[in-house]
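> Below you'll find the structure I mean.
The values are calculated or read from the model by the stated rules, or taken from the named source; none is laboratory data. As the structure is a computational prediction, the values presented were derived from the model and not from experiment. Quick reminder, even Gly has a Cβ in these numbers, built from the backbone with ideal geometry, and neighbours come from all protein chains shown.
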Amino acid sequence: SAQIIDGKALSRHLRRRFRERVGALAAHGVQPGLAVILVGDNPASRLYVANKVKACEECGVASFLHACSADITEAALLGLIARLNAERTVHGVLVQLPLPPHIDMRRVLEAIAVEKDVDGFHLYNVGGLVVGNTIFPPCTPYGVQLLLETTGIEVAGKNVVVVGASNIVGKPMALMLLHKEATVTVCHAKTRDLAQHTILADILIVAAGKPGLIVAQMVKHGAIVIDVGINRLPDGRIVGDVDFDGVRDKASWISPVPGGVGPMTVTMLIENTLRSAERCLERGSGSGHPVWDAPRSEL
Ligand code: NAD
């Protein structure tokens, strides 16, 4: 039976190390700060935002929650982002998705200063991912990458199959593993005969949002299986996209839901926020290597 990839334990370990980095920044008079913008009262979004704020507290990162009503105008939202871009105590600006339909999500994401784009959704950071030198990798695939590293298995040359091709998980995940020299296949809702692809995977990463999508017959013996899915069943249980009990007998490693990718996503958000604060400090002292052409007054 497969070994468990424990996202909770890895998160705990990383967050302990974050507190040391926060201490080092404090010695320079800097406290990392994350601004979180929540629009409307989507219950799932509220929960995600609460988890992010809690993780900030746990790590010594200041959090600034801006809860806006669902009918906020796009102009007002852009104005808020402009203020946060210019605010020295804020090193990361995050807009919780989804946004209400009257707001142009792309315009909002593009308004975030690239050097504070800790979610990594600004086109500049997305482009950086394509050429392999992004400063802020998107948090969920970044977390998956660290989970994979804990298995000690080399990614280069492996067959990786990513099920799901969204902008926030599947596509960036595929790019990150391509840069690690894996042979990457991306499957999605229009893929014909999904099993024909998944059965070849040495590493199978599933982010479709479909409970029970991946069953044991679709998995190669000894594969590493990472389940990104988060689905709430009618009975209230939270499950992933993988039939955990069936697949664990076939896989060599498997990540559970909950306790796998979920905690890592929030942990990588803190990592990105710390990195932003560290970069800001380096730049301020003239010893860093400025990558972005952001005006200094913004930092
Ligand atoms: P999405 O709905 O934006 O994208 C889903 C993708 O899966 C699409 O590319 C779609 O074509 C594909 N897909 C759907 N049904 C399929 C099928 N039957 N076969 C193959 N592909 C199929 O979703 P998303 O935002 O990428 O999220 C995916 C899942 O991951 C959701 O369950 C979501 O809750 C979860 N998620 C978890 C975290 C985390 O921190 N663990 C973060 C983000 C998303």
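> Which of the residues that make up the stretch 1-57 are closer than 22 Å to residue 113 by Cα and buried (at least 19 other Cβ atoms within 10 Å of the Cβ)?
Scanning the stretch 1-57 gives 25, 32, 33, 34, 35, 36, 37, 38, 39, 49, 52, 56.
> Only one residue in 224, 205 is more than 16 Å from the ligand (Cβ to nearest atom) and within 17 Å of residue 247 (Cα to Cα), so which one is that?
Only one candidate qualifies: 224.
> Then there is this: Quickly run through the stretch 196-219 and pick out the residues that are more than 26 Å from residue 154 (Cβ to Cβ) and not in a loop (DSSP other than H, G, I, E, B).
Scanning the stretch 196-219 gives a single hit, 217.
> Residues of the stretch 123-150 being among the small types (Gly, Ala, Ser) and either out of contact with any Gly (no Cβ under 9 Å at 6 or more places or on another chain) or not assigned by TED's automatic domain parsing to the domain that holds residue 172 (or both), which ones?
127, 128, 132
> Hey, among 116, 180, 171, 190, which residue is farther than 20 Å from residue 263 by Cβ, under 18 Å from the mean Cα position of the chain (by Cα), of a type in the set (D, E, K, R) and within 14 Å of the ligand (Cβ to nearest atom)?
171
> Just the residues that are surrounded by fewer than 19 Cβ atoms within 10 Å (Cβ to Cβ) and of a type in the set (Lys, Arg), please, taken from the stretch 98-124.
106, 107
> Could you please find all residues in the stretch 135-146 being surrounded by fewer than 22 Cβ atoms within 10 Å (Cβ to Cβ) and either in a helix (DSSP H, G or I) or without any contact (Cβ under 8 Å) to a residue 24 or more places away in the chain (or both)?
Once the filter is applied, which keeps residues that are surrounded by fewer than 22 Cβ atoms within 10 Å (Cβ to Cβ) and either in a helix (DSSP H, G or I) or without any contact (Cβ under 8 Å) to a residue 24 or more places away in the chain (or both), the stretch 135-146 yields 145, 146.
> Do you know which residues across the stretch 15-58 are charged (D, E, K, R) and either in a helix (DSSP H, G or I) or not assigned by TED's automatic domain parsing to the domain that holds residue 270 (or both)?
Residues satisfying the conditions are 15, 16, 17, 19, 20, 21, 46, 52, 54, 57, 58.
> Say whether the condition of being of a type outside the set (S, T, N, Q), assigned to a helix (DSSP H, G or I) and within 11 Å of the ligand (Cβ to nearest atom) is met by at least one residue in the stretch 153-162. Even if it seems obvious, please write down each step before you answer.
Going residue by residue through the stretch 153-162, those that are of a type outside the set (S, T, N, Q) are 153-158, 160-162.
Adding the requirement that they be assigned to a helix (DSSP H, G or I) leaves none.
No.
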